[in-house]
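Quick notes on the structure that follows.
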Amino acid sequence: MRWVAGLLLVLVCGGVLSCGGRVPSEKRESVVLVHGLGRTEQSFVVLAQRLRWAEYDVTTVGYDSRSAPLQEHAARLADAVASCCRDAPTLHFVGHSMGGMVIRRYLADSPPATLGRVVLLAPPSQGSELAERLRQHPVAAEILGPSGRSLGTGSDDLPATLPPPAYELGIVAGNRSINPVGSAVIPGVDDGAVALDRVGVPGAPIVILPRSHTFIMNSRHAADAVIRFLQTGAFEA
């Protein structure tokens with residue numbers, strides 16, 4: 001029965017399941033996922049699986065999003081990339097919400113030599129009125145943490161200080177809200193956390209889906225858009 005034990009070991013450690021993480025293939029392109037404020041790696045379970053079905057190696061970087069300034073999160077991302085993906089032939093990034101800002105900060109400071117394409121899901125590229133309103137209240141400001149409090153719309157807030165991307169960048173945005181409180185604060189069309197008018201980056205193509213900020217990463221249509229952009233650099237066929 002040794003062959004049975006051997007088969008089980010291959011299934012468990014060869015990529016169908018994981019033994020302390022999936023071992024990247026030198027021949028496959030890699031994708032690093034970075035979650036948003038108050039989320040964990042588990043928020044990317046669905047998207048990560050869809051990317052694996054598309055033949056990418058996937059690493060999801062977790063971090064305590066409320067514990068430190070965004071620059072420190074970017075440094076943690078740099079350490080994670082150096083550990084997981086330094087041998088990847090091409091390295092793509094996908095970030096949700098504040099995770100997109102972490103990615104942009106990291107890439108502005110120390111882009112990897114094998115950088116491919118970047119997709120941001122519902123990013124506060126030009127800040128968020130909701131973040132501005134919440135940081136005015138002590139309890140909410142504490143919950144946001146230093147990174148969340150930096151996501152306002154002012155010229156001194158973090159989004160306005162990020163340099164223009166020097167790489168291929170695409171944006172997937174939502175125009176549906178399940179957060180009536182957030183939508184009451186945000187002018188115009190929004191996803192419950194960020195105004196649709198504030199997700200864009202000059203020159204970056206954007207696709208808009210009828211999805212909310214919180215769950216856009218679980219959308220099959222969002223996954224299709226992400227994969228199409230990583231493969232071709234465009235959302236349209």
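Residues are listed down the side, and each one gets a yes or a no for (1) among the hydroxyl-bearing types (S, T, Y); (2) within 21 Å of Q71 (Cα to Cα); (3) buried (at least 19 other Cβ atoms within 10 Å of the Cβ):
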site	(1), (2), (3)
G148	no, yes, yes
D156	no, yes, no
N179	no, no, no
G192	no, no, yes
P202	no, no, no
> Which of the following residues is over 13 Å from the mean Cα position of the chain (by Cα) and touching a residue at least 12 places away in the same chain (Cβ under 8 Å): P69, P124?
Replying inline: P69
> buried (at least 16 other Cβ atoms within 10 Å of the Cβ) and out of contact with any Pro (no Cβ under 7 Å at 6 or more places or on another chain), is that true of A88?
Replying inline: no
>> Suppose the filter is part of a helix (DSSP H, G or I) and over 26 Å from V207 (Cβ atoms); does A48 pass it?
In response: no
> Looking at the stretch 196-223, which of its residues are within 25 Å of Q42 (Cα to Cα) and not in a loop (DSSP other than H, G, I, E, B)?
Replying inline: V207, I208, L209, I216, M217, N218, R220, H221, A222, A223
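Would you pick out the residues in the stretch 51-74 that are buried (at least 18 other Cβ atoms within 10 Å of the Cβ), among the aliphatic types (A, V, I, L, M) and not in a strand (DSSP E or B)?
Keep residues of the stretch 51-74 that are buried (at least 18 other Cβ atoms within 10 Å of the Cβ), which gives 51, 56-61, 63, 65, 70, 73-74.
Right, trim to among the aliphatic types (A, V, I, L, M) and you get 51, 58, 61, 70, 74.
Once the filter is applied, which keeps residues that are buried (at least 18 other Cβ atoms within 10 Å of the Cβ), among the aliphatic types (A, V, I, L, M) and not in a strand (DSSP E or B), the stretch 51-74 yields L51, L70, A74.
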>> Cβ contacts < 8 Å: first residue more than 15 Å from G200 (Cβ to Cβ), restricted to the stretch 145-170; second residue surrounded by fewer than 18 Cβ atoms within 10 Å (Cβ to Cβ) and acidic (D, E), any location; separation 6+ or different chain. Result?
In response: G152/E132; G154/E132
>> The conditions are (1) among the hydrophobic types (A, V, I, L, M, F, W, C); (2) within 23 Å of R28 (Cβ to Cβ); (3) surrounded by fewer than 24 Cβ atoms within 10 Å (Cβ to Cβ); (4) in contact with a strand residue (DSSP E or B) (Cβ under 9 Å, 6 or more places away or on another chain), and V119 fails exactly one of them. Which is it?
In response: (3)
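Any read-out appearing in this document is the output of simple, stated calculations on the displayed coordinates, not a laboratory observation. Keep in mind that this is a model prediction, so the values were computed, not measured. Note that we place each Cβ from the backbone using ideal geometry, even for glycine, and neighbour counts take in every protein chain shown.
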